[in-house]
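Remarks on the structure that follows.
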Amino acid sequence: MKFMSLFKKELREMLTPQTIIVLVMIYVGMFMLGNVMGKQIDKIVEESSEIVLCDNDDTSFTKSMIEAMKKPDANTTNTVKLVKLESDDYPAELDRLGEKYIVIIPKGFTEQVESGKTTEYIYVSRMTSLSTLGNVSAGSETAKNLIQASVVSTLYSKKMIEGKLTSDEITQLNKPVDLKEITVVQNNTANIGASTVAQMKTMENMFLPIIVFLLIMYSSQMVLNAVSTEKIDKTLETLLSAPVSRLSVLSSKMLAAGVVAALYAIVMMFGMQNVVTKMQTGGDTAAYKDAVEQLGLTLSGGQFILVGLQMFISILIALSISLVLGVLAKDAKSGQALLLPIQLLSMVPYMLSMFMDIKTLSPVVKYIIYAIPFTHTFMANENIMFGNTTLYWGGLAYQLALLAICMTFAIRVFTSDKIFTMTLGGGKKSSGGLFGKKTQQHED
Amino acid sequence: MDNKNINVLEVKGLSKQYKKGVYASQGVTFNVRKGEIFALIGPNGAGKTTTIRMISTLLKATEGDAIVDGHSILTEPEKVRQCITYLPDEAGAYKTMTGTRYLEFMAGIYANDANQIKEFVERASEISELGDRLKDKIGSYSRGMIRKLLLARAMMPKPALAILDEPTSGLDIINALDIRRMIKKLSSQGMSFLLSSHNMLEIEYVSDRVGIIAKGHLLEVGTAEELKDKYGTRNLEEVFEKVVLSR
């Protein structure tokens, strides 16, 4: 009985309306994230049954192989779109055909198969993102499996008629085809698989989104705590009644948080560089580095600054939102709860950008995600590498506009009565709500 | 002119409206003379803090004005802030700072140069009577010590007007007496005070004149003796009861 009374009291204190709102937001956020990722996986599954193929060999064997691709078994049906290439300029050919990838059966493929040698086919894909799911070569995997099955089946049929297998033929049966992967980034090509590049690049850049995420979290928390603690302890009243402008108080808090955040960013960046350097010691590192150079997937000093610029603006947006949230906090506990929307707003694009190419999402979802200002920072690296300049500058313009709005609002709150009268979730003092709704103040 | 007749603060019809038709304070008018301790007394929710916050330029007045040392709170709030210091009710201080560091920080805001900072800190250290404890972190201070430190901070720039909201609220008898004596001493040196309190017996002891405020209206102004004579009572609490009931 006594325990239950204590338990109920604790639960009531912890499960406040703000906590419930945050829980609902987390659920909605996760639900949205799950749906978006589910759709992306459905798309990959769907893509695996669509094969864009160029048959340069054009023999009865390749024709029967294509037929087998269309209906590999009684339960599976694939769509094979046959295209013709006009040149070996793969970036131009992908653009002309409007395709993201092409499987190419080269001339002499049948001859190689029949001569009992391991043969090769080519997979050309355009890379537009560094995300994990954005670079799954579903089409090439399906094609590879089906081509391999066709070659093996042909060999078996032949041997059924001819008799024993030669050692070359045994080797061929074990590895009937080789896949030559070509990745296209903008107008550059390199003989490497897009998934390999994405995998290595992800490893290389894995700390960047973590740094962005942590910086947003850390700087928000610093400013929110600084403002809420000053308000709760009434040291803010002391400061604001002193001969110092309110803008000085506001800007000093933001600048201090910005400086500490920048220090964190520098330390994290150096730490990250060290980790990445140590991790890149494998055998294929040189080949990978060459391929990345060829594809232009490296950032110049100027481009680094552009990524840093969006990072800085994201932090400023988070700081200005946190300033207002700090004013709203009634106590330390509500201050922590108020941080959760920012955490959620940075977590959603952080997760999405790691797993999928946000650009390829359905328009509604995509623009909802774009509306989160932090999304553009998580995408900045990728947008610059893949030449999505419109998206980068558009994102930057949006961030600047939002920063201006957030800063104006924060300045308005800080330079008006709202700084003392505004609280969230009712309570003792609420003369002007967040959106200007006023109720009577109950104080002396 | 006698210094005692110079008005350091003139409050003229000051009102604060939070919601249409609902005033936290309405048409409040009074003045504070040089070297005077003027106290606004009233129960919780009477409008004392709102009035004080408007005079301290923290809240904007809906109507009326207040002139502090010749400067309007509406048109010259920056100049007003140079003439006043404000000590909020139940105010805290930065717990991670030492007492001395806090005084230095606040002195840096009020002072014009390094010498003045030094002068302010020395004065505040003396007023606070905290001695070596000023070297300790504020987080280790008792409530009474924090109040003394804050009061010393409010006094250090020798403001034309010190505004103290419930200066002894929550303090034990010894600390409250210390602070009342401190206020009396500084007043005798020419500093003006605007206090607020709901402890009317304390106000009767410490203040030169009193303003009785209830439901946002200033109902009476006078010395404790004048008010007691007028209403034929023994103390300010009884005056307050009669004033409020008569409205």
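Nothing in this text is a laboratory measurement; each read-out follows from the coordinates by a stated rule. From a predicted model like this one, the values you see are computed outputs, not experimental measurements. Here the Cβ is made from the backbone with ideal geometry for all residues, glycine too, and neighbour counts use every protein chain on show.
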Expressed as a fraction of 2.2 N^0.38 Å, the rule-of-thumb size for a compact globular protein of N residues, what is the C-alpha radius of gyration of region B:1-52?
1.34
Size of electric dipole in chain A: Cβ of Lys, Arg +1 and of Asp, Glu -1, about Cα centre, debye, nearest 20:
2160
If I build a Gaussian network model for chain B, linking alpha-carbon pairs within less than 10 angstrom, which residue out of B:D136, B:D69, B:D165 has the largest mean-square fluctuation?
B:D136
If every Lys and Arg gets +1 and every Asp and Glu gets -1 at its Cβ, then about the Cα centre region A:286-436 yields a dipole, in debye to the nearest 20, of 660
Along the charge dipole of the protein assembly as shown, Cβ charges K/R +1 and D/E -1, which of A:T360, A:M347, A:V275 sits furthest on the positive end?
A:M347
So, in nm, how far is label A:V45 from label A:L97 when the simple model puts each one 7 Å beyond its Cα toward the Cβ?
2.7
Say R0 is 56 Å: what FRET efficiency, to the nearest 0.05, do A:Y264 and B:K79 get from their beta-carbon distance?
0.90
So how do B:T51, A:T59 line up by other beta-carbon neighbours within 10 Å, fewest first?
A:T59, B:T51
For region B:200-205, Karplus couplings with θ = phi - 60° (6.51, -1.76, 1.60), whole Hz, Gly/Pro x:
6, 5, 4, 5, 4, 6
Measure up B:K60/B:K95; B:K158/B:K185; A:K418/B:K16 against 19 Å on the Cα-Cα distance and list the ones that go over.
B:K60/B:K95
Order of A:R412, B:R180, B:R234 under a 10 Å beta carbon neighbour criterion, fewest first:
B:R234, A:R412, B:R180
Within the protein assembly as shown, helix-based [θ] at 222 nm, where runs of 4 or more DSSP H residues each add -39,500 (n - 2.57), nearest 500
-18500 deg cm²/dmol
Reciprocal of mean inverse Cα separation for chain A (Kirkwood radius, Å):
25.8
What Kirkwood hydrodynamic radius, in Å, does chain B give when the mean of 1/r is taken over all pairs of distinct Cα atoms and then inverted?
18.5
Please give the net charge around A:T77, taking every other residue with its beta carbon less than 15 angstrom from that of A:T77, where Lys and Arg add +1 and Asp and Glu add -1.
-2
Give the residue from A:V28, A:I210, B:N31 lying farthest towards the positive end of the charge dipole for the protein assembly as shown; charges sit on Cβ (+1 for Lys and Arg, -1 for Asp and Glu) and the dipole is referred to the Cα centre.
B:N31
Can you list the lysines whose alpha carbon is less than 28 Å from that of A:K39, not counting same-chain residues fewer than 8 positions off?
A:K70, A:K71, A:K81, A:K100, A:K144, A:K201, A:K359, A:K366
Farthest towards the positive end of the dipole of chain B, among B:I203, B:I127, B:H71 and with Cβ unit charges of +1 on Lys and Arg and -1 on Asp and Glu, lies the Cα of B:H71
